[in-house]
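One structure is given below, encoded as structure tokens.
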Amino acid sequence: MNLIAKPEHSLASMEAGGLGVLHLRRYWSKRMLEIEGRLDPSSVHGEYGLDFTLMQGLGLGIVEPAEYLFHQRPSYAEFEQWIVQKLGGAPDAALVERLNAMVRRYLEHPRRIYPINGEDIQDPVLSAEDLAFWRENGYVVLRNAVSAEDCREAESAIWDFLGMDPLNSESWYNGTHLFWVPLFLHPALNKNRAAPRIRKAFEQLWGTGDLWASVDRSSLNRPERGGINISGPSRIHWDVSLALPIPFGVQGLLYLSDTSAEQGAFRCVPGFHRRIDHWLEELPPEQNPREQDLESLDPVPVTGSAGDFILWHHALPHASGRNLAHYPRLVQYIKLFPHDHGIHSVWK
């Protein structure tokens with residue numbers, strides 16, 4: 001099939017539509033071409049990070065816009081109308097101004113190298129001991145990142161969305177739920193994404209306050225039933241390309257309920273971010289690093305109370321554990337990142 005561009009694809013990122021948001025119309029036109037199998041990847045090389053930040057910055061995330069565009073094939077005006085409907089109104093002027101400034105910086109300035117050293121982060125929440133632990137182990141737990149009440153509100157939103165009763169274990173196994181909860185926009189989830197202590201922790205690790213929040217899913221990891229493991233992606237893995245060099249990146253999750261080691265707690269391999277380059281280079285070329293016996297790396301569970309937030313370097317192998325307890329593990333995934341954070345152009 002010939003990869004060609006129709007007239008809309010000639011749109012420059014600096015052309016704004018009705019909402020006044022730069023790059024948004026180009027984003028739409030690229031997705032339409034991609035759906036039709038007519039997008040030349042070389043023509044948009046290096047724009048994934050800009051697309052990602054734009055969708056997250058608008059407060060939409062990347063899952064729902066992609067699904068809407070794929071299934072509905074809307075005109076650009078219809079796409080803008082959908083955005084307004086999803087957000088409950090048009091983006092306000094301050095957000096549009098910040099997004100447009102981000103687009104200009106992304107296109108006109110070189111990428112920065114993270115973490116940035118020397119920027120003064122006011123009112124830090126991670127202590128010197130916390131930061132030393134982070135450097136050594138590649139993860140750290142921010143205790144009491146949000147209040148117990150805010151956790152309960154988010155937990156209740158998830159139970160309601162799934163149509164389950166937290167006090168009736170039979171209801172946990174009805175329907176089609178497996179692990180992920182595709183609930184993105186909800187006041188309780190949005191409040192946690194904007195939690196000041198969570199933001200400040202990311203600012204300390206990235207070394208900058210110029211961050212955007214992701215709009216990600218949550219998960220409900222149910223206890224095993226009948227000896228069957230239904231705990232979701234419990235296999236140790238990475239969410240980043242393993243092509244070297246692996247750029248700096250930070251991921252995070254918020255425990256919405258108290259989580260013990262046997263309750264499907266987050267697991268990771270402490271310190272592996274400091275030796276992953278050597279480990280990858282030692283593998284024979286024909287071996288896929290993702291298919292190695294990663295359990296032999298001795299991952300450890302990280303327990304926590306409702307409101308505790310785990311941050312980890314994305315070069316750490318990690319996973320949820322098998323839930324061998326009697327109550328589900330509920331977490332919300334939250335990530336804050338700078339617009340020019342490193343995204344490897346090669347997926348390995």
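Just by accessible area at a 1.4 angstrom probe, what is the order of W347, W279, W180 from largest to smallest? If you can, show how the numbers build up before the last one.
Details: W347 170, W279 50, W180 100 Å².
From most accessible down to least: W347, W180, W279.
Excluding ligands, DNA and RNA, what is the solvent-accessible area per residue of region 174-219 at a probe of 1.4 Å, expressed in Å²?
Details: 1810 Å² over 46 residues.
Accessible surface, normalised per residue, equals 39 Å².
State whether region 281-348 is rounded, prolate or oblate according to the following rule on the C-alpha gyration tensor (a ≥ b ≥ c being the square roots of its eigenvalues): a/c under 1.5 gives rounded; otherwise a/b larger than b/c gives prolate, and the remaining case gives oblate. Please list the in-between numbers first.
On the way: a/c = 2.82, a/b = 1.30, b/c = 2.17.
Cα axes put region 281-348 in the oblate bin.
How large is Rg/Rh for region 220-265, to two decimals, with Cα atoms and a Kirkwood Rh? Intermediate results must be reported in sequence, preceding the final value.
On the way: Rg = 14.5 Å, Rh = 13.5 Å.
Expressed as Rg/Rh, it is 1.08.
Once phi is turned into θ = phi - 60°, what whole-Hz ³J(HN,Hα) does the Karplus curve with 6.51, -1.76 and 1.60 give for every residue of region 40-46, x standing for Gly and Pro?
Whole-Hz 3J(HN,Hα) from phi for region 40-46: 7, x, 5, 7, 10, 4, x.
Which residues' amide hydrogens lie under 5 Å from the amide hydrogen of S231, considering only partners 5 or more residues apart or on another chain, with H built in the peptide plane?
Sorted by chain and number, the residues that satisfy this are N323.
Expressed as a rounded percentage, what relative contact order does the chain have, with Cα pairs under 8 Å and six or more residues apart?
Values: 577 pairs, mean separation 77.1, N = 348.
Value for the chain: 22 percent.
State, as an integer percentage, the relative contact order of region 165-261 based on alpha-carbon contacts under 8 Å between residues 6 or more apart. Don't jump to the answer; show the numbers that get you there.
Numbers: 52 pairs, mean separation 29.6, N = 97.
Over region 165-261, the number comes to 31 percent.
Relative to the compact globular guide of 2.2 N^0.38 Å, what is the alpha carbon radius of gyration of region 46-121, as a ratio?
1.32
Suppose a student asked you for the relative contact order of region 197-348, using Cα pairs under 8 Å spaced at least 6 residues apart; what percent would you report?
Details: 298 pairs, mean separation 70.4, N = 152.
In percent, rounded to a whole number, it is 46.
Can you divide the C-alpha Rg of region 112-157 by 2.2 N^0.38 Å and report the result to two decimal places?
Values: Rg = 14.7 Å, N = 46, 2.2 N^0.38 = 9.4 Å.
Against the empirical 2.2 N^0.38 Å value, I get 1.56 for region 112-157.
Can you pull out the GluC sites (Glu not before Pro) in region 234-295 that DSSP calls coil and that have at most 13 other Cβ atoms within 10 Å? Display every interim value, and only then the final one.
Details: sites: E262, E281, E282, E286, E291, E295; in loops: E262, E286.
Answer by residue number: E286.
Based on the alpha-carbon gyration tensor of region 6-99 and its eigenvalue square roots a ≥ b ≥ c, which shape applies: rounded if a/c is under 1.5, prolate if not and a/b is larger than b/c, or oblate? Present the calculation step by step, with values, prior to reporting the outcome.
Working: a/c = 1.63, a/b = 1.35, b/c = 1.21.
Prolate, since a/c reaches 1.5 and a/b exceeds b/c.
Can you pull the one-decimal nm distance between simple spin-label points at A148 and W279, each 7 Å off the Cα toward Cβ?
3.7 nm
Could you tell me which trypsin sites (Lys or Arg not before Pro) in region 21-62 are loop residues by DSSP with no more than 16 other beta carbons within 10 angstrom of their beta carbon?
Working: sites: R25, R26, K30, R31, R38; in loops: R38.
Answer in residue order: R38.
Would you please classify the overall shape of region 78-227 from the alpha carbon gyration tensor, given that a ≥ b ≥ c denote the square roots of the eigenvalues, rounded means a/c under 1.5, and beyond that prolate means a/b larger than b/c while oblate covers the rest?
On the way: a/c = 2.32, a/b = 1.31, b/c = 1.77.
Oblate, because a/c is 1.5 or more while a/b does not exceed b/c.
Would you tell me the accessible area of K348, worked out with a 1.4 angstrom probe on the heavy atoms of the protein chains, in Å² to the nearest 10?
K348 has an accessible surface of roughly 120 Å² with all protein chains in place.
Work out the P(r) tail for region 228-309: percent of alpha carbon pairs separated by more than 21 Å, whole number.
So the portion of pairs separated by more than 21 Å is 38 percent.
Where Lys and Arg each count +1 and Asp and Glu each count -1, what net charge lies around P223 among other residues with Cβ under 10 Å from its Cβ? Walk me through the numbers on the way to the answer.
Details: positive: R222, R225, R322, R329; negative: E224, E262.
Surrounding charge for P223 is +2.
Assuming 0.890 mPa s and 25 °C, estimate D for region 197-348 with Stokes-Einstein, Rh taken as the Kirkwood radius over Cα pairs, in µm²/s.
Reported coefficient: 149 µm²/s.
Read phi for every residue in region 122-127 and hand back ³J(HN,Hα) as whole Hz from Karplus 6.51 cos²θ - 1.76 cosθ + 1.60, θ = phi - 60°, with x for Gly and Pro.
6, 6, x, 10, 9, 6
With Cα Rg over 2.2 N^0.38 Å in mind, check [x] 2.17; [y] 0.94; [z] 1.03 and report the label derived from this structure.
Computed from the coordinates, Cα Rg over 2.2 N^0.38 Å corresponds to [z].
Kindly provide the helix-only [θ] at 222 nm of the chain, computed as the sum of -39,500 (n - 2.57) over DSSP H runs of four or more divided by all residues, to the nearest 500 deg cm²/dmol? Mind dumping the intermediate values first?
Working: 10 runs with 111 residues, N = 348.
Result for the chain, helices only: -9500 deg cm²/dmol.
The values are calculated or read from the model by the stated rules, or taken from the named source; none is laboratory data. Remember, it's a predicted structure, so these values are computed and weren't measured experimentally. In this analysis, Cβ positions are derived from the backbone assuming ideal geometry, glycine residues included, and neighbour counts consider all displayed protein chains. Keep in mind that these areas ignore ligands, DNA and RNA; they rest on the heavy atoms of the full protein, side chains included. Shrake-Rupley method; radii C 1.70, N 1.55, O 1.52, S 1.80 Å.
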